[in-house]
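As structure tokens, the structure follows; a few thoughts come after it.
The values are calculated or read from the model by the stated rules, or taken from the named source; none is laboratory data. Keep in mind the model is a prediction, meaning the values are calculated, not measured. Cβ placement follows ideal geometry from the backbone for every residue including glycine, while neighbour counts extend to all protein chains displayed.
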Amino acid sequence: MKSFLRLCLTTIAAVLFFNVLAVTETKAQANLQNEVLNRMDKHNKALQSLRSNVIMAKYNDQLKETDVTEGKTTYLPSKGRDAYVRIDWTKPLEEMLVVRNGEYALYRPRLKQVIIGKVKDAQGSGKANNALAFMNMSKAQLKANYFVKYLGEETTSSGVKTNRLELTPKNAASYKLAEIWVDFNGMPIQAKVIESNNDTVTVLLSNIEKNVTINVSLFDPKFPKDVKKIRG
């Protein structure tokens with residue numbers, strides 16, 4: 001009987017210990033999450049412009065295939081509105097994506113066409129902007145629009161140590177989940193958007209240059225006269 005009692009007391013003590021540990025761990029994660037969001041907010045307010053290399057990996061869950069595209073991106077935040085984004089894809093094909101005022105233009109020189117549409121309806125290469133959009137969000141915007149979960153530290157394929165966050169949209173969105181990898185300066189250098197059909201788009205930035213001089217005319221390119229405009 002005494003042995004049974006000791007066993008019960010030991011079990012209860014163990015359960016209480018792990019419950020306390022779980023609460024402590026939850027509080028620690030909440031503190032880390034808040035710290036990451038604060039760093040992001042500070043970085044967001046200080047960022048005036050950005051240039052970098054960009055790699056986009058599009059995974060098709062049905063075909064179990066991944067297409068990888070490489071290029072360079074230029075980014076110019078705009079207070080109170082969507083940021084200006086330009087991506088000059090170089091591999092495997094040359095294309096140009098420009099985003100401003102909630103609309104995108106995807107220029108395909110080999111086909112002599114420009115596809116124009118709303119950012120929220122973007123398909124194909126245009127989806128890269130969905131991932132880049134997190135760079136222009138303040139802490140208040142992130143918390144207002146997403147349920148945020150801290151997933152821990154992780155090193156990206158480019159060798160940068162980051163904090164990883166999971167973002168679940170609070171309202172209806174074109175995707176069901178997103179993840180961002182934030183470096184220790186508060187810069188989101190990688191983002192992954194998971195769609196309702198489990199297709200994913202992952203964008204990784206590298207060789208980043210911040211607060212360089214960028215002319216806004218870069219986001220209003222002039223296309224050749226023989227280019228056909230198509231509404232996306």
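Looking at (1) over 17 Å from Y150 (Cβ atoms); (2) touching a residue at least 24 places away in the same chain (Cβ under 8 Å), can you tell me which one A172 breaks?
(2)
Assess whether D88 counts as being in contact with a strand residue (DSSP E or B) (Cβ under 8 Å, 6 or more places away or on another chain) and either exposed (fewer than 13 other Cβ atoms within 10 Å of the Cβ) or farther than 20 Å from E209 by Cα (or both). It would help to see each step written out before you state the result.
On the way: in contact with a strand residue (DSSP E or B) (Cβ under 8 Å, 6 or more places away or on another chain): yes; either exposed (fewer than 13 other Cβ atoms within 10 Å of the Cβ) or farther than 20 Å from E209 by Cα (or both): no.
The answer is no for D88.
Mind checking which residues of segment 158-198 are surrounded by fewer than 17 Cβ atoms within 10 Å (Cβ to Cβ) and touching a helix residue (DSSP H, G or I) at 6+ places or on another chain (Cβ under 8 Å)?
Within segment 158-198, P169, K170, N171, S174, F184, N185 qualify.
Could you check how many residues of segment 172-194 are closer than 15 Å to A133 by Cβ, in a loop (DSSP other than H, G, I, E, B) and not aromatic (F, W, Y)?
3
Could you list, in sequence order, the residues of segment 135-157 that are surrounded by 18 or more Cβ atoms within 10 Å (Cβ to Cβ) and either assigned to a helix (DSSP H, G or I) or at pLDDT 95 or above (or both)?
Listed by number, the residues that qualify are M135, N136, K139, L142.
Would you please name the residue that is modelled with the highest pLDDT, looking only at residues in segment 24-80 that are polar (S, T, N, Q) and assigned to a helix (DSSP H, G or I)?
First, pick out the residues of segment 24-80 that are polar (S, T, N, Q): 24, 26, 29, 31, 33-34, 38, 44, 48-49, 52-53, 60, 62, 66, 69, 73-74, 78.
Still in the running and assigned to a helix (DSSP H, G or I): 24, 26, 29, 31, 33-34, 38, 44.
Working: T24: 35, T26: 49, Q29: 67, N31: 82, Q33: 87, N34: 88, N38: 92, N44: 85.
That would be N38.
Among the residues of segment 73-104, which ones are within 24 Å of I230 (Cα to Cα), out of contact with any Leu (no Cβ under 8 Å at 6 or more places or on another chain) and of a type in the set (K, R)?
Selection gives K91, R100.
Here is a list of conditions, (1) in contact with a Leu (Cβ under 9 Å, 6 or more places away or on another chain); (2) surrounded by 15 or more Cβ atoms within 10 Å (Cβ to Cβ); (3) among the hydrophobic types (A, V, I, L, M, F, W, C), and V201 meets all of them except one; can you say which number that is?
With respect to (1) in contact with a Leu (Cβ under 9 Å, 6 or more places away or on another chain); (2) surrounded by 15 or more Cβ atoms within 10 Å (Cβ to Cβ); (3) among the hydrophobic types (A, V, I, L, M, F, W, C), V201 is out only on (1).
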